[in-house]
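Here the structure comes first, spelled out in structure tokens, and everything after it is commentary.
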Amino acid sequence: MHSSSVLSPPNCSLLKRSHRNQIEKLSLAPLKNLPFCGLRNEILAFEFSKLNRCEAQRVRNFLRNKIVSASVAENGNAPTSFDYDLVIIGAGVGGHGAALHAVEKGLKTAIIEGDVIGGTCVNRGCVPSKALLAVSGRMRELKNEHHLKALGIQVSGAGYDRQAVADHANNLASKIRNNLTNSLKALGVDILTGVGTITGPQRVKYGKVGFSGSEVTARDIIIATGSVPFVPRGIEVDGKTVITSDHALKLEFVPEWIAIVGSGYIGLEFSDVYTALGSEVTFIEALDQLMPGFDPEISKLAQRILVNPRKIDYHTGVFATKITPAKDGRPVVIELTDAKTKEVKDTLEVDAALIATGRAPFTNGLGLENINVLTQRGFIPVDERMRVVDADGNLVPHLYCIGDANGKMMLAHAASAQGISVVEQVSGRDHVLNHLSIPAACFTHPEISMVGLTEPQAREKAEKEGFEISIAKTSFKANTKALAENEGEGLAKLIYRPDNGEILGVHIFGMHAADLIHEASNAIALGTSIQDIKFAVHAHPTLSEVLDELFKSAKVTSHDHRPLSESVAV
């Protein structure tokens, strides 16, 4: 049994000598001999005003944990020794990232998974979809006679084997899943098979649904259960002609005409796949414009290149209020209702329909009622440190939630970053993740990527906080590498503060946009100003020079090279 009953004190070497005695007095006292009320009195007597901000934060975190542990031990609601330092419920990308970082920090770790290692991303999401998009990209190149002719290339008619394409996606998912599983085992992470349920403070039961299962205890618990496709009411999914992204990734058939409900990341990527393989696509979007989640200027350009020239039409400002699968020779029938008047506007008959209306958190059956936690639209409420908040607004000690289940940012790499942030905290180092520094990408051809605020969001923030914003842009048509590839269609856009050089947002549409965005996201994460990043050197000729020119074109009134203020967590 691994004992974790005594919390580690903050690193006193980082504090001033005059403060160490008080900290050591508190931290070395055995928990069982430290009455809760007495501890509170010692805390109240501690002179925080004499500490700098960094010192004070370390001490506050340490003392807060002492209070929680003392209170729990006194009430007898939680174990005083633990099977594990950390138990993670869910072995998707978020849970896997947290587990690896926990091992690096020396924590005895277990991960509970009731389905398959890798979660949605690896098995039914970003990994197999990239395999399909790789095929669609090559098909587009081979079918674009004008583009090939400009490069001096002659190719006869290109075709594809549907089953081989589907096998490529499935094989990639299997390979990555095995890699993740082997990495966990190699590092000594215990993989506990079954559905995880929280039975009480620092206690988790796992096993098959309906069976008694086994219970383990942990000093800290992370919920990382992810999400599932969201299907609106009135839509009947049969998995064959009316499908979600889970089914579409199997590519069991390529319909002549498919309706895609939703024009966000998922819908756009599948439109790229289906049109490259020969399908006609109809978008059904509830809002007044396609791609509503993107910066409006990028959406407009993307529509001109990704939608208008292709076999794609669309209906905006309508809901798909009823969808009936194909049956007995009849097509899929879609009832379209006006989003404003709520009146039935039209009916479509198509070969298939893909429901790409987003994702819903997978949080049922977690035993949240055992710890007084109520979900909000299915999401588990957390604070900026991913600590779970109960129904009374109080923090649940030693319980965290990361990834899609908390709804802060439903991206696989965001879940991983949140998990790493949590592990930092439970290891004694306070850490708050700046979500505005997390990039996102849509892997169409060409790609779309973004980080930070859109222009409307930035203008709203500027008006509220009383500062000005400026916009800088650069075109891929001015980039040597893009022109060499005959891929000059593209735009990079920078939203920034001209008074201090703070980067508020960067949006890219063009060749390899998903790779280019990270220079901007890292700059935001590190608080790097435009004044400083202008001096970065980029290899020539490369696509990275698109960002180089973008930053150099920005006009900043201040020439100070001081670090910007700390990033704000959202």
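The values are calculated or read from the model by the stated rules, or taken from the named source; none is laboratory data. Small disclaimer: the values here were computed from a predicted structure and weren't measured. Note that each Cβ is placed from the backbone with ideal geometry, even for glycine, and that neighbours are counted across all protein chains shown. What goes into the accessible areas is simple: the full protein's heavy atoms, side chains included, and nothing from ligands, DNA or RNA. Shrake-Rupley method; radii C 1.70, N 1.55, O 1.52, S 1.80 Å.
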Quiz prompt | Residue, nearest to Val388 (Cα to Cα), within the stretch 226-244, restricted to residues that are open to solvent by less than 60 Å² (accessible area, probe 1.4 Å), assigned to a loop (DSSP other than H, G, I, E, B) and touching a strand residue (DSSP E or B) at 6+ places or on another chain (Cβ under 8 Å) | solution = Gly226
Quiz item: If a residue has to be in contact (Cβ under 8 Å) with a residue 60 or more places away in the chain and either outside any loop (DSSP other than H, G, I, E, B) or open to solvent by 30 Å² or more (accessible area, probe 1.4 Å) (or both) to count, how many in the stretch 359-378 make the cut?
Solution: 8
Quiz item: Counting only residues that are touching a residue at least 24 places away in the same chain (Cβ under 8 Å) and not in a loop (DSSP other than H, G, I, E, B), how many does the stretch 336-349 have?
Solution: 4
Practice problem: Would you check which residues across the stretch 290-299 are assigned to a helix (DSSP H, G or I) and either at pLDDT below 95 or open to solvent by less than 30 Å² (accessible area, probe 1.4 Å) (or both) and list them? | Solution: Ile298, Ser299
Quiz item: Here are some residues: Ala302, Ala353. Which one is part of a strand (DSSP E or B) and either outside the structural domain of Asp404 (by the TED database) or surrounded by fewer than 17 Cβ atoms within 10 Å (Cβ to Cβ) (or both)?
Solution: Ala353
Exercise. Taking Ser416 as the residue in question, decide whether it is in a helix (DSSP H, G or I) and among the polar types (S, T, N, Q).
Key: yes
Quiz item: Which ones in the stretch 185-225 are touching a Leu at 6+ places or on another chain (Cβ under 8 Å), surrounded by fewer than 18 Cβ atoms within 10 Å (Cβ to Cβ) and under 14 Å from Leu86 (Cα atoms)?
Solution: Ile191
Quiz item: Listed residues Ser558, Ser521; which is surrounded by fewer than 22 Cβ atoms within 10 Å (Cβ to Cβ), farther than 26 Å from Met291 by Cβ, touching a Ser or Thr at 6+ places or on another chain (Cβ under 9 Å) and not assigned by the TED database to the domain that holds Pro296?
Solution: Ser558
Quiz item: Could you say whether any residue in the stretch 379-398 is buried (at least 18 other Cβ atoms within 10 Å of the Cβ), closer than 30 Å to Asp272 by Cα and among the hydrophobic types (A, V, I, L, M, F, W, C)?
Solution: no
Practice problem: Could you please find all residues in the stretch 95-115 being under 15 Å from Thr181 (Cβ atoms) and open to solvent by 50 Å² or more (accessible area, probe 1.4 Å)? | Solution: Leu100, Gly114, Asp115
Self-check item: Set Asn170, Asn178, Asn182: member being part of a helix (DSSP H, G or I), assigned by the TED database to the domain that holds Gly106, exposed (fewer than 12 other Cβ atoms within 10 Å of the Cβ) and within 25 Å of the chain's Cα centre (by Cα)
Solution: Asn182
Self-check item: Close pairs (7 angstrom Cβ cut-off, 6 or more residues apart or separate chains): in contact (Cβ under 8 Å) with a residue 40 or more places away in the chain and farther than 16 Å from Gln531 by Cβ in the stretch 486-505, of a type in the set (Lys, Arg) and open to solvent by 40 Å² or more (accessible area, probe 1.4 Å) anywhere
Solution: Leu491/Lys473; Ala492/Lys473; Lys493/Lys473
Quiz item: Just to be sure, is Thr324 open to solvent by 50 Å² or more (accessible area, probe 1.4 Å), without any contact (Cβ under 8 Å) to a residue 60 or more places away in the chain and not acidic (Asp, Glu)?
Solution: no
Quiz item: With Ser263, Ser299 as the choices, which residue is in contact with a Phe, Trp or Tyr (Cβ under 7 Å, 6 or more places away or on another chain) and over 30 Å from Leu368 (Cβ atoms)?
Solution: Ser263
Quiz item: Out of all the residues in the stretch 423-437, is one or more in a strand (DSSP E or B) and either open to solvent by 10 Å² or more (accessible area, probe 1.4 Å) or in contact with an Asp or Glu (Cβ under 9 Å, 6 or more places away or on another chain) (or both)?
Solution: no
Quiz prompt | Entirely in the stretch 439-509, the strands (runs of 3 or more DSSP E) that have 1 or more residues that are of a type in the set (D, E, K, R) and open to solvent by 40 Å² or more (accessible area, probe 1.4 Å) | solution = 470-475
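So, of the residues in the stretch 305-321 that are touching a helix residue (DSSP H, G or I) at 6+ places or on another chain (Cβ under 8 Å) and open to solvent by 30 Å² or more (accessible area, probe 1.4 Å), which turns out to be nearest to Ala492 (Cα to Cα)? Even if it seems obvious, please write down each step before you answer.
Residues of the stretch 305-321 touching a helix residue (DSSP H, G or I) at 6+ places or on another chain (Cβ under 8 Å): 306-307, 310-312, 314.
Next, only the ones that are open to solvent by 30 Å² or more (accessible area, probe 1.4 Å) stay: 310-311, 314.
Details: Arg310: 23, Lys311: 26, Tyr314: 26 Å.
This residue is Arg310.
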Quiz item: How many residues, within the stretch 245-279, are open to solvent by 10 Å² or more (accessible area, probe 1.4 Å), among the β-branched types (Val, Ile, Thr) and either part of a helix (DSSP H, G or I) or in the same structural domain as Ala164 (by the TED database) (or both)?
Solution: 2
